[in-house]
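Asker: Input: one structure, supplied below.
The values are calculated or read from the model by the stated rules, or taken from the named source; none is laboratory data. Keep in mind the model is a prediction, meaning the values are calculated, not measured. With ideal geometry, Cβ positions are generated from the backbone for all residues, glycine too; neighbour counts draw on all protein chains shown.
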Amino acid sequence: MVPAQNYVQSIAAILEALNSLRAALAPRLAARHKWPAAQVRDALSFSIGPTDKGSLVVPLIPGAAAMGAPLGTDEIAIEFWREVGEELTRTRRGEACLLSATAAEAFARASASANDGHSKLSLARRTGKREPWRAITTLTALEPHLRKHAERRRTGHKAPIALTGQIASLTFDPPSFVLSTATGRQTVKMPAQLRDKARALWGAEVVVDVEATLSEEGDVADPRALAIREVGTAEAALADFDNTFGMLRQAWGTDEAKAYVGGSRLRS
């Protein structure tokens, strides 16, 4: 018996981790076996199947997409689980490269939840309905390695980055602003001399040059603004053209200027 809360939490975390691994492994499997990538992704959409009475094994059924996968779903799933097992084994040696920090944290969270329920958690597979389940890997034993892997993937390096978005709010002590981007909201620190610029561009689409910590997975952390400029628009460019159009007409429209230009032309 396992406490229901720990049971549900472990399953939810496992599915989160598998979704991340599916995104990483599907293109790899498609390229290696020359399978259509979209069909591989469909085949690796899992649903939870019925459990046997008295069993804590939770079957994950591949090919749960609405239309199903026309390829051999079982063949794709076997390759997927083989890759998952090898990648998780590599975390013990610090050599995993396809396992994201998100997936590693989710697997570790699933293991911790199972451990809190006084149980162990493993990924297993079988070749047929009458065959016994064989463990791919025991997640409970890998938990410290998974956490170390996630921490390593989250750690980044300082780099100059340009962020695009809309200044949604301002904080003056300490000076910072919230930038609403296409992927979410980001709090950006700024030096005091940029306060007036940020206030003038509040609500506008801007490009912010920042120095930030960039992780291996592209996550941006602790950004500090170096410069803020408004995003150029087609309307602004048109207005600028209209305002400056003909500004040299007075200089080049005189008879002397016309005679100079006409006399300097090459004649054949």
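Asker: Can you give me the ranges of the helices (runs of 4 or more DSSP H) entirely in the range 164-260 with at least 1 residues that are modelled with pLDDT under 90 and over 30 Å from His149 (Cβ atoms)?
Answerer: 234-244, 249-252
Asker: Considering only residues of the range 187-217 that are touching a strand residue (DSSP E or B) at 6+ places or on another chain (Cβ under 8 Å) and within 30 Å of Ala96 (Cα to Cα), which is surrounded by the most Cβ atoms within 10 Å (Cβ to Cβ)?
Answerer: Here the answer is Ala212.
Asker: Whether any residue in the range 59-66 is surrounded by 13 or more Cβ atoms within 10 Å (Cβ to Cβ), in contact (Cβ under 8 Å) with a residue 40 or more places away in the chain, touching a helix residue (DSSP H, G or I) at 6+ places or on another chain (Cβ under 8 Å) and under 16 Å from Ile136 (Cα atoms) is what I want to check.
Answerer: yes
Asker: Considering only residues that are part of a loop (DSSP other than H, G, I, E, B) and either buried (at least 16 other Cβ atoms within 10 Å of the Cβ) or free of Cβ contacts under 8 Å to residues at least 40 places away in the same chain (or both), which ones fall in the range 128-157? Steps first, answer last, please.
Answerer: Just the residues of the range 128-157 that are part of a loop (DSSP other than H, G, I, E, B), to begin with: 128-133, 155.
Gly128, Lys129, Arg130, Glu131, Pro132, listed by residue number.
Asker: Here is a further query. Scan the range 116-127 for residues that are charged (D, E, K, R) and either at positive phi or not in a loop (DSSP other than H, G, I, E, B) (or both) and jot them down.
Answerer: Asp116, Arg125 - these are the residues of the range 116-127 that are charged (D, E, K, R) and either at positive phi or not in a loop (DSSP other than H, G, I, E, B) (or both).
Asker: Looking at Arg125, Arg109, Arg82, can you tell me which residue is basic (Lys, Arg), modelled with pLDDT of 85 or more and either crowded, with 21+ Cβ neighbours inside 10 Å or closer than 29 Å to Gly156 by Cβ (or both)?
Answerer: On the way: Arg125 fails: either crowded, with 21+ Cβ neighbours inside 10 Å or closer than 29 Å to Gly156 by Cβ (or both); Arg82 fails: either crowded, with 21+ Cβ neighbours inside 10 Å or closer than 29 Å to Gly156 by Cβ (or both).
Arg109 is the lone residue from the list that is basic (Lys, Arg), modelled with pLDDT of 85 or more and either crowded, with 21+ Cβ neighbours inside 10 Å or closer than 29 Å to Gly156 by Cβ (or both).
Asker: Of the numbered conditions (1) under 20 Å from the mean Cα position of the chain (by Cα); (2) without any contact (Cβ under 8 Å) to a residue 24 or more places away in the chain; (3) within 17 Å of Ala12 (Cα to Cα), Gly184 satisfies every one except a single condition; which is it?
Answerer: (3)
Asker: Run down Ala77, Ala103, Ala108 and say which single residue is over 24 Å from Arg32 (Cβ atoms), part of a helix (DSSP H, G or I) and small (Gly, Ala, Ser). Full working, then the answer.
Answerer: Values: Ala77 fails: over 24 Å from Arg32 (Cβ atoms); Ala103 fails: over 24 Å from Arg32 (Cβ atoms).
It is Ala108.
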